[in-house]
1. With mean projected area of the Cα convex hull in nm² defined as stated, name the option among (i) 7.8; (ii) 6.0; (iii) 5.0 computed from the structure displayed.
2. Just to confirm a number: summing +1 for Lys and Arg and -1 for Asp and Glu over residues other than H76 whose beta-carbon lies under 11 angstrom from that of H76, what do you get?
3. Could you please report the charge total around H63, scoring K, R as +1 and D, E as -1 over all other residues with beta-carbon less than 15 angstrom from its beta-carbon?
4. Mind sorting R65, R82 by how few other Cβ atoms lie within 10 Å of their own Cβ, fewest first?
5. Over segment 21-96, what is the relative contact order in whole percent, taking alpha-carbon pairs under 8 Å and six or more residues apart?
Amino acid sequence: MAEHIELLALADCVARTVRHPFNVHHALLAGVTWADIARIVDSDEPTVRRDYQQSADDQYELHQRYPDRGMTADEHAAATARAAEGSGDPAGDPVP
């Protein structure tokens, strides 16, 4: 039984690592579409965009506290634009 618990824990750890929002960031920079990302992570576009925006916000906040880490203001602005791009939001704001 302990072996099965260990395998479940390992699988969960791998899944969390692979689904980390920074991997979404790199995929977007490489040209992967929001629709493809949503399909791959078994989600929908608004959720994936919202999670990405939250991650960008967190990284920007990290940069405010530790200037050698996280996203700069310019990187955060680009990520915010990327999250809103093609979302159908006429205000251009990120998907809530």
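1. (i)
2. -4
3. -4
4. R65, R82
5. Once normalised by length, the contact order is 25 percent.
Laboratory data are not the source of any read-out in this text; all were calculated from the coordinates shown. This is a predicted model, so every value here is computed, not measured. No Cβ is skipped: glycine too gets one built from the backbone with ideal geometry, and neighbour counts run over all protein chains shown.
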